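Visitor: Got a structure for you, written out below as structure tokens; questions coming shortly.
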Amino acid sequence: MFKDLTDEEKIEFANTFIKNGKFVETKTKEEDVDTKELEMGILVEYEHSGGKTELAKQIARRISLDHLSEIPDYYTRLKEMEDTAKKEGSTIKKIAEEIENQSKSISWKIGTTYPG
């Protein structure tokens, strides 16, 4: 979406974006935000902000500040949630593979062909 905009449209968007949002609404100051959380946030949001430009980095910074103005440890929680989901996904995959292996074994023992 963002990469399809002209440079003028990007500047207009950025100016509007910077003047709005939770960071502005809550009157949070950047020095009130944990530096580590902000760095994590910029990295996470940068991949969604339309390219590897200074403007994209500034947008990623503002999105991060918006999140952190509401939830001070937003990116720590996000990482924990993603790590948990990966572990659970891995466990579910192992369980599914075990069920499939058992089904194949049962099919072989009763003389039927496993459909998988």
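All of the numbers you see were taken from the coordinates with simple rules; none came from a lab. The shown structure was predicted, so the numbers you read here are calculated from the model rather than taken from an experiment.
Visitor: Figure the gain on full extension for Glu97 and Glu54 (residue separation times 0.36 nm, minus the Cα-Cα span) and round it to one decimal in nm.
Guide: Values: separation 43, 0.36 × 43 = 15.48 nm, distance 4.57 nm.
Going from the current span to full extension adds 10.9 nm.
Visitor: Can you report the principal axis dimensions of the stretch 2-110 using only the alpha carbons, biggest first, rounded to whole angstrom?
Guide: 70, 34, 20
Visitor: Still on this structure, please answer the following. Which pairs break 22 Å Cα to Cα here: Lys36/Lys57; Lys36/Lys79; Lys10/Lys52; Lys27/Lys52; Lys29/Lys57; Lys27/Lys79? If you can, show how the numbers build up before the last one.
Guide: Numbers: Lys36/Lys57 16 Å; Lys36/Lys79 13 Å; Lys10/Lys52 14 Å; Lys27/Lys52 28 Å; Lys29/Lys57 19 Å; Lys27/Lys79 26 Å.
The pairs that break the limit, which is 22 Å between Cα atoms, are Lys27/Lys52; Lys27/Lys79.
Visitor: By how many nm would the segment from Lys29 to Phe13 lengthen if fully extended, with 0.36 nm per residue of separation less the alpha-carbon distance? All intermediate terms of the calculation are to be shown ahead of the outcome.
Guide: On the way: separation 16, 0.36 × 16 = 5.76 nm, distance 2.20 nm.
Contour length minus the Cα-Cα distance gives 3.6 nm.
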